[in-house]
1. With the requirement that a residue be among the β-branched types (Val, Ile, Thr) and either at positive phi or at pLDDT below 95 (or both), what does segment 381-396 give you?
2. Checking residue 106 against (1) touching a Ser or Thr at 6+ places or on another chain (Cβ under 9 Å); (2) touching a residue at least 40 places away in the same chain (Cβ under 8 Å); (3) surrounded by fewer than 19 Cβ atoms within 10 Å (Cβ to Cβ); (4) within 26 Å of residue 260 (Cα to Cα), which test does it fail?
3. Taking segment 354-372, which residues are open to solvent by less than 10 Å² (accessible area, probe 1.4 Å) and under 18 Å from the mean Cα position of the chain (by Cα)?
4. Would segment 255-274 turn up any residue that is open to solvent by 50 Å² or more (accessible area, probe 1.4 Å) and free of Cβ contacts under 8 Å to residues at least 40 places away in the same chain?
5. Which residues, counting only those in segment 417-427, are at pLDDT below 95 and either open to solvent by 30 Å² or more (accessible area, probe 1.4 Å) or out of contact with any Asp or Glu (no Cβ under 8 Å at 6 or more places or on another chain) (or both)?
6. Scan segment 156-180 and report the pairs whose first residue is more than 21 Å from residue 199 (Cα to Cα) and among the β-branched types (Val, Ile, Thr) and whose second residue is modelled with pLDDT of 95 or more and surrounded by 13 or more Cβ atoms within 10 Å (Cβ to Cβ), with Cβ atoms within less than 8 Å and a gap of 6+ or a chain change.
7. The conditions are (1) closer than 27 Å to residue 248 by Cβ; (2) touching a residue at least 40 places away in the same chain (Cβ under 8 Å), and residue 337 fails exactly one of them. Which is it?
Amino acid sequence: MTDRASLQDLVARRIATRLVARDSLIYAPPEVADVHASVRNRLGWLDAPRAMTARVEEVARVVRAAASDGLTDVYLLGMGGSSLCAEVLRDVPGPRRASARLAVLDTTDERAVSDVTRSLVPDRSLFLVASKSGSTIEVTSLERHFWTVMHATTGERTGAHFVAITDPGTSLVAQARAERYRHTFVNPSDIGGRYSALSLFGLVPAALLGIDIEGLLASAARLATHCAHDDVANPGLALGAFMGNQAAAGRDKLTLIAAPPLAPIAAWIEQLVAESTGKLGTGILPIADEPPAPPAKYGSDRAFVAIVTREDRETRERAHALEAAGHPVFIIETEPADLGAEFYRWEFATAVAGHVLGVNPFDEPNVRDAKVRTQQQLDVRAKSGAFTLDPPLVPVGSGIARRQHGDIPSTHAGRYVALLDYLPQDAARGGAVARIRETIRHRTGAATTYGVGPRYLHSTGQYHKGGPNTGTFVLLTGADRTATAVPGAGYTFSVLKQAQALGDFEALVAAGRHVVHYHLDDSTADLPRVFERVVSDLT
C-alpha cells in the first residue's frame, strides 16, 4: 500500500475522530478487555493542551515563589517521560523570561551523582522529584541521596527545596506531605509517561526555564484542532500513516534528520515511538543523532522524517537528495516557537502508527522484565557479596573482559546495532560515539542506535525486547573508582547501575537477542580503545 493509500484508508475508517472520541476498538476487538482498559486509562494526553490551562496559575505561583526565595539552580530527578521532555525544552532555543538553570539527572552513574553533589549550592538548589509511579528506583535513590546532602546544611528547611510531580495517591504524594515539600503537583492519572510532555511533567520544568507555558499549550491546542478531523490534511494522521505504513513494508528504521535548533527533540521522539510501537515482534525504531551519510549508504530498511525550519536549507536539501535516491521521506516544516505543536503531532502520530501496526501504543509489556532482574541481581549481591554472571566475563586484554550470548550475525542487512553505554559520560563522548556509529554503518550497512544506561531502559528498552529480533546489542560497563551510598538501600549507586546493566543483559538473553558485554577494569578508561575492540568483533 502506498503512503497515500494508507492515509486515505485511515480517513475512510475515521481513525482520527475515533481516537479523539477514545474508541479503544481501533486497537483490539471487543473481547480483549485488558487492552481496552489499558487504552482508556492512557488517553488523557488528548485533552492536555486545553485541560492544562487550568493548572497554569498553580505552576506560575510555585515558580514565582521559588524565584523569590533565590532558588535558581534546578535539578530534575526523573527518568524517561519525566525527564526527556525537560531536556528538549531546555535545549531548543527560544524566548525566555528570567529563568533558573536546569540540570537533568536521569542516571544512577556514580560520577554524575558525585559531580553534582560536589558542585551544588544548597541555598540556591531546588529539586524536582518527577515520577509517575512515585516509586521509580532511579528517582527514589536520587531523592534520598540529595535529601540527605541538603538536610546536612538546610536542616528543617530541607522540604522547601523539593517539589514533587507525580500521579494521585502514590507513595511520593505521602512522602512529600510528610517531609513538607514546597509543593506537590498531582498530574492526571490517565496520561502515560511518554505522552506527558504537555502535562505537568513538561510544564513545570518549562515554567522554571522561563518558557511561556500558555503559549506552549496554545501551540499544541491549534495542532490538536487540526488532528481532530478525518482528512488527508490532518498532520498527525498523515505522519502516523507514513510511519506505520513504511514499517509494515519493511522500512522500520525511522531515521530522524532535523534542523540544528530542533535536533534535541530526536531523543524524545525516540522514546515515544520505540516504546509505544516495539512489541509483539514488530515496531518502529527511530534512528536519532546518527552521523549523516550519502543516500546510497542507506539500506532498504530506512524511512526518513526531516524536521526543517524556514531558514534551514541544508536539512531540506538533504531530504530532497534522499527522495531523489528513492528513499521515502516525510518533511515537517516547523519552528522552535511551535514546540508544543510538535509534541502533540508526534503523540497523535504514534497513536495512529500503533493502530496501523496492530499494537497497543500505550503499554510497555517488556519493561518490567529488566526491572525485576535488576532487583534479583541486587538481592543476590546482598546475600553473597557478588553478582551472578552467566555466562561469565573472560579477560581479552588491555583491562577489558568480554562475554557473549548468541553468534554475531554474519550479515547485517535489515539489522541494527544498539550501543548500550553504562560508562560515565563526559564532554568528549559525542565525537567518539559518532565515529563508531559511522564506522559500523560503513562496514556493515547496519543502522545504529546509542543508549545511555540506565535511561534507555525507560526508552528504547521496550523495543529491544519486544520489537523484531533484528538487533545486535553491545553492552558497556566498567568498575568505578568511588562508591556513593544510596541512603537506606544497603548498596551504592555504582552497584545499582551494574545491577541494571546485568539485569538488562539477562532480559535480552531471555528474549533471544544477540548480546555482547564488555566490562572495563576502570570505567574511566579510554573510550576509543574500547570502541576499536567493539568494531573488530562486530565486523
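The values are calculated or read from the model by the stated rules, or taken from the named source; none is laboratory data. The model shown is predicted, which means the values in this text are computed figures rather than measured ones. Positions of Cβ are generated from backbone atoms using ideal geometry, with glycine treated the same way; all protein chains shown enter the neighbour counts. Note: areas computed on protein heavy atoms with side chains; ligands, DNA, RNA excluded. Shrake-Rupley method; radii C 1.70, N 1.55, O 1.52, S 1.80 Å.
1. Filtering segment 381-396 down to residues among the β-branched types (Val, Ile, Thr) leaves 388, 394, 396.
The answer is 388, 396.
2. Condition not satisfied by residue 106: (3).
3. Step one: filter segment 354-372 for residues open to solvent by less than 10 Å² (accessible area, probe 1.4 Å), giving 354, 359, 361-362, 370.
Within segment 354-372, 354, 361, 362, 370 meet the criteria.
4. Our first condition is that a residue be open to solvent by 50 Å² or more (accessible area, probe 1.4 Å); within segment 255-274, this holds for 260.
With free of Cβ contacts under 8 Å to residues at least 40 places away in the same chain added as a condition, the list becomes none.
No - not one qualifying residue is present in segment 255-274.
5. From segment 417-427, those at pLDDT below 95 are 423-427; that's our starting set.
Listed by number, the residues that qualify are 423, 425, 426, 427.
6. 158/147; 158/150; 158/151; 158/179
7. (1) is the only condition that residue 337 fails.
Per-residue answers, yes or no, for (1) over 23 Å from the mean Cα position of the chain (by Cα); (2) open to solvent by less than 20 Å² (accessible area, probe 1.4 Å):
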{"position": "136", "(1), (2)": "no, no"}
{"position": "161", "(1), (2)": "yes, yes"}
{"position": "177", "(1), (2)": "yes, no"}
{"position": "185", "(1), (2)": "no, yes"}
{"position": "195", "(1), (2)": "no, yes"}
